[in-house]
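Below: one structure, written as structure tokens.
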2 protein chains.
Amino acid sequence: MGAVKTKRMPRAVREQQMLDAAVQIFGQRGYMAASMDDIAELAGVSKPLVYLYLNSKDDLFTACIRREATALLAAVRLGVVPELPADRQLWDGLLAFFTHTAGHPDAWRVLHLHARTHGERFAAEVTALRAEIVAFVTGLIAAAARDAHRDPDLPEREVAGLAEALVGAAESLAAWANATPGVTARQTTATLMNFAWAGLGSLMEGRQWTPPPPDQP
Amino acid sequence: MGAVKTKRMPRAVREQQMLDAAVQIFGQRGYMAASMDDIAELAGVSKPLVYLYLNSKDDLFTACIRREATALLAAVRLGVVPELPADRQLWDGLLAFFTHTAGHPDAWRVLHLHARTHGERFAAEVTALRAEIVAFVTGLIAAAARDAHRDPDLPEREVAGLAEALVGAAESLAAWANATPGVTARQTTATLMNFAWAGLGSLMEGRQWTPPPPDQP
């Protein structure tokens, strides 16, 4: 291990090792309980080198959030083939999302849990990621509505609301799946598709659930 | 105003006034930016009295979270009539939820946003509320599955996943609705029912969305 430690490496490689260690420690222990000593030790570098490269615990945490947010968004985008039918695109996007969150549980805990519970600066980083994912899903739902040719005028506001609902459902399910032993990404995706697609699919075809009249008790 | 300030009131009433003011200030400014001076002024009491009754800013914030979590949960429970059909129960529960979050936007910001972004102690309070709501929704979905008599054996794990998805979708939509001018609680409820019910309804009747085979690209 000493040999590995002292090997000369490009700064970019060292930084990624530090971030790997930081995501693991932050994800498993939370921001407050994570120590820079433990992160340096896990990364196989000295603590001063971590400070030299990443500046502070705050900056290190921010760098973790940004790297993991970018990776998650890239995974979802890569999973979707724009030429395929809308339900297949949704399936592929959700499968990519749940595969990534299941494969990187510490990263998901950083993004979904810890980044939101330690102040407005970190929360803002995650909000930016979320806005990108919602915009992506909104485009997907809007495209699906146009493809269906039945409700090309599905109101913009309704589409925005549906995208919010879908993203909220996916976030919630990812946390649940990672905390529930034996649930695969494929099963989680199937649960959300079963929940969402028949509903979305009906909407696209102009079939709506009819609410009771407002004045009825 | 001086007359109101100096009027003798039972401690319980004064405490509720302080909590009303605190929820408003915490909700609009966040935990860090909220000042005890402003909360005392808005409540029409002296700052020492706030400390005497509620002890500290942390304890005041915790008291706000508990009061508002209890009120939200009570509103949802009260909205649902157990004898009605499953889709009507879901509609009523969601309408009660969105009516409450729309009518108490500061309280919802405290619960959904601020309580989760300022440390693990506050986050744990909200997690407890969320667990109760998920348990309530799980019961509702399980009952609906039994009522439908078509899939009485809908796996427990699937029901738990569906409840997580639904609660996550509702949380996400409530934040979006409160940030989007002109959206009513009824419209938000209709959006989520349209998204969810046809999907849930299909599942209850044993109709599932069929995923592509795993080995296919």
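The values are calculated or read from the model by the stated rules, or taken from the named source; none is laboratory data. Keep in mind it's a predicted model, so treat the numbers as computed, not measured. Cβ: placed from backbone, ideal geometry, glycine included. Neighbour counts: every protein chain shown. Ligands, DNA and RNA are excluded from the accessible area calculation, which covers all protein heavy atoms including side chains. Shrake-Rupley method; radii C 1.70, N 1.55, O 1.52, S 1.80 Å.
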Search segment A:80-130 for residues being acidic (Asp, Glu) and in a helix (DSSP H, G or I), and hand back the single one that is surrounded by the fewest Cβ atoms within 10 Å (Cβ to Cβ). A:Glu120
Selection count, segment A:50-71, where residues are open to solvent by less than 20 Å² (accessible area, probe 1.4 Å), in contact (Cβ under 8 Å) with a residue 60 or more places away in the chain and not β-branched (Val, Ile, Thr): 2
Could you check, for segment A:99-111, whether at least one of its residues is without any contact (Cβ under 8 Å) to a residue 24 or more places away in the chain and within 13 Å of chain B (Cβ to nearest Cβ)? no
Within the set of pairs 6 or more residues apart or between chains, which connect a residue that is within 7 Å of another protein chain (Cβ to nearest Cβ) inside segment A:185-196 to a residue that is polar (S, T, N, Q) with Cβ atoms less than 8 Å apart? A:Ala190/B:Gln208; A:Asn194/B:Ser202; A:Asn194/B:Gln208
